[in-house]
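J.: Following this message is one structure expressed as structure tokens.
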Amino acid sequence: MNYRLNSKIIALVAVFVLIAGALFAYTLLLAPTDEVPHPQTEERKGAVQERLLTAKHRYENGVHTVAGSVALPTPCHAVVAEPFFVDSGTTTVEIRFSTTLSGDVCAQVVTQAPFKVTFTAGEQVAIRATWDGAPVRLNLVPAVPGENLDGTVEIKG
């Protein structure tokens, strides 16, 4: 057996292991951590992603009814929707959505929560919405005459 050849191979492997260990330690401990900003990522950070909310809308005898359901992060969350007249002429109504949380421990399961808002205003009133203060893109689908808007409202399409 050639001990010189074995000792050279062992020494060479040990040098490679030391170099690999040094590189690993450098990248974990000493390498600069400043990330180079990606332009597309920076644009997304500045832009607020607007939420889309689709609901049924009915106007009968001077009363507007807006009903639908929203996805909430847990079954312990509830949605609160209230109409606010934005101007004194009642030409614009803002539906303000907010969430409440009840309970300490809750499963992280997305849950559909129904909502219904009614208010008295003229037929041509502008309706807009906010979610926890942020603007919401409101997609109102006309309700079929006689359609029940109580409880869970199904919107297809």
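J.: Could you tell me whether any residue of region 10-27 is at pLDDT 85 or above and assigned to a loop (DSSP other than H, G, I, E, B)?
T.: Looking for residues that are at pLDDT 85 or above and assigned to a loop (DSSP other than H, G, I, E, B), one finds none in region 10-27, hence no.
J.: Has region 147-154 got at least one residue that is in a loop (DSSP other than H, G, I, E, B), of a type in the set (A, V, I, L, M, F, W, C) and at pLDDT 85 or above?
T.: No, region 147-154 has no match at all.
J.: Any idea which of (1) farther than 13 Å from G68 by Cα; (2) under 22 Å from the mean Cα position of the chain (by Cα) is the one A126 doesn't satisfy?
T.: Only one criterion is unmet by A126, namely (2).
J.: How many residues, within region 110-141, are aliphatic (A, V, I, L, M), closer than 17 Å to C76 by Cβ and part of a strand (DSSP E or B)?
T.: The total comes to 1.
J.: Of everything in region 85-109, what is surrounded by 12 or more Cβ atoms within 10 Å (Cβ to Cβ) and assigned to a strand (DSSP E or B)? Give them in sequence order.
T.: At the first step, the residues of region 85-109 found to be surrounded by 12 or more Cβ atoms within 10 Å (Cβ to Cβ) are 85-86, 90-99, 101, 106.
Selection gives F85, T92, V93, E94, I95, R96, F97, S98, T99, L101.
J.: If the requirement is being modelled with pLDDT of 85 or more, at positive phi and within 35 Å of the chain's Cα centre (by Cα), which of these qualifies: G62, G103?
T.: After ruling out the rest, the residue left standing is G62.
J.: Here's another thing I want to ask about it. Residues of region 65-105 being in contact with a His (Cβ under 8 Å, 6 or more places away or on another chain), without any contact (Cβ under 8 Å) to a residue 40 or more places away in the chain and of a type in the set (A, V, I, L, M, F, W, C), which ones?
T.: Within region 65-105, V93, L101 qualify.
The values are calculated or read from the model by the stated rules, or taken from the named source; none is laboratory data. Remember, predicted model here, so these are calculated numbers, not experimental data. Neighbour counts are summed over all protein chains in view; Cβ atoms, including those assigned to glycine, are modelled from backbone coordinates with ideal geometry.
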